[in-house]
1. Considering only residues that are touching a residue at least 12 places away in the same chain (Cβ under 8 Å) and part of a strand (DSSP E or B), which ones fall in the stretch 35-70?
2. Answer yes or no: is there a residue in the stretch 60-75 that is within 13 Å of ligand 1 (Cβ to nearest atom) and in contact with a Lys or Arg (Cβ under 9 Å, 6 or more places away or on another chain).
3. Would you mention how many residues in the stretch 185-200 are in a helix (DSSP H, G or I) and open to solvent by less than 10 Å² (accessible area, probe 1.4 Å)?
4. For the stretch 63-78, indicate whether the set of residues that are acidic (Asp, Glu), modelled with pLDDT of 95 or more and more than 16 Å from Arg158 (Cα to Cα) is non-empty.
5. Which residue is surrounded by the fewest Cβ atoms within 10 Å (Cβ to Cβ), if the candidates are limited to the stretch 1-34 and must be assigned to a loop (DSSP other than H, G, I, E, B) and touching a residue at least 12 places away in the same chain (Cβ under 8 Å)?
6. Give the stretch 49-82 a look and list any residue that's within 19 Å of Val195 (Cα to Cα) and touching a Pro at 6+ places or on another chain (Cβ under 9 Å), or say none.
7. Any chance you could count how many residues in the stretch 169-179 are in a helix (DSSP H, G or I) and surrounded by fewer than 22 Cβ atoms within 10 Å (Cβ to Cβ)?
8. Could you please find all residues in the stretch 71-119 being among the small types (Gly, Ala, Ser), buried (at least 17 other Cβ atoms within 10 Å of the Cβ) and not in a loop (DSSP other than H, G, I, E, B)?
Amino acid sequence: MSLISLTNVVKKYSVGKQEVIALDHISFEIKPAKMTVVLGPSGSGKSTALNMLGGMDTPTSGTIWADDQEISTFNDGQLTLYRRDHVGFVFQHYNLIPNLTAAENVGIGSQYSRDAMSPAEALASVGLAGRERSFPSELSGGQMQRVAIARAIAKRPRLLLCDEPTGALDSGTGRTVIELLRSIADTTDTAVVVVTHNASIAAAGDATVTLHDGQLQSHVQYQVPVPVGEIDW
Ligand SMILES: Nc1ncnc2c1ncn2[C@@H]1O[C@H](COP(=O)(O)OP(=O)(O)OP(=O)(O)O)[C@@H](O)[C@H]1O
Ligand SMILES: [Mg+2]
């Protein structure tokens, strides 16, 4: 069973008179409760692929099914609801609001959701119980990324999309963030997708998608994940 399937997805951008083909006939699937790692060099189309999965943008051609919805045909209003109801996002630079506490930052992610975790529950689930009243400036990089993950998962999304979540962290802290993402995939129905430059992170996933120049270079499914502690970073 797949949660999301992309079929022959093409994404072109026009830059002046030039056309950039960011995704070139890509097909792959994302499975629920699994962690998929997306690899590839800079400019290979990783973020573009994430944007397609998350309903931030629609493909130039090709189809994307998310459960029983063909999101590639959605208009802006439908995409907004899809993102709000089903997708959590985590970015390299956390994107926390500096003048809001950890709990307030988390609350922003789920304020329109019915079955959401409370901010305290979401923070506890990422190992930050008791830090509800801390401001981002009072937290380490790894802790800020945990708050961002708590914000993204509080609404219990189907899909958690992480674009270079360890890109700004040292290797030890990065490892704990990957361990947390791994445990979200293992203990909830949420499908986790992690974009990274760091090929060694792929071993921690259940599946790996490798992009190159907008094309799918390989898609390894059903790999046996290596415990994060055993990965050479
Ligand atoms: N909004 C846009 N307008 C024009 N071109 C774009 C846009 N977004 C992406 N591109 C182009 O599409 C290609 C793929 O970009 P993308 O951001 O998906 O790469 P990436 O694999 O995420 O790279 P990085 O590792 O540097 O983040 C690049 O050539 C990029 O310049
Ligand atoms: Mg990118």
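The values are calculated or read from the model by the stated rules, or taken from the named source; none is laboratory data. Given the structure is predicted, the values throughout are model-derived calculations rather than measurements. We place every Cβ from the backbone using ideal geometry, glycine too, and count neighbours over all the protein chains shown. Protein only, heavy atoms only, side chains kept; ligands, DNA and RNA dropped before computing areas. Shrake-Rupley method; radii C 1.70, N 1.55, O 1.52, S 1.80 Å.
1. Those that are touching a residue at least 12 places away in the same chain (Cβ under 8 Å) and part of a strand (DSSP E or B): Met35, Thr36, Val37, Val38, Leu39, Ser61, Gly62, Thr63, Ile64, Trp65, Ala66, Gln69.
2. Yes: the stretch 60-75 contains one or more residues that are within 13 Å of ligand 1 (Cβ to nearest atom) and in contact with a Lys or Arg (Cβ under 9 Å, 6 or more places away or on another chain).
3. Residues meeting the conditions: 1.
4. The answer is yes; a qualifying residue exists.
5. Result: Met1.
6. Passing the criteria: only Met52.
7. Taking the stretch 169-179 and keeping what is in a helix (DSSP H, G or I), we get 171-179.
Now restrict to residues that are surrounded by fewer than 22 Cβ atoms within 10 Å (Cβ to Cβ): 171-173, 175-176, 179.
Selection size over the stretch 169-179: 6.
8. We begin by selecting, within the stretch 71-119, every residue among the small types (Gly, Ala, Ser); these are 72, 77, 88, 102-103, 107, 109-110, 113, 116, 118.
Next cut, buried (at least 17 other Cβ atoms within 10 Å of the Cβ) only: 72, 88, 102-103, 107, 109-110, 116.
Within the stretch 71-119, Ser72, Gly88, Ala102, Ala103, Gly107, Gly109, Ser110 meet the criteria.
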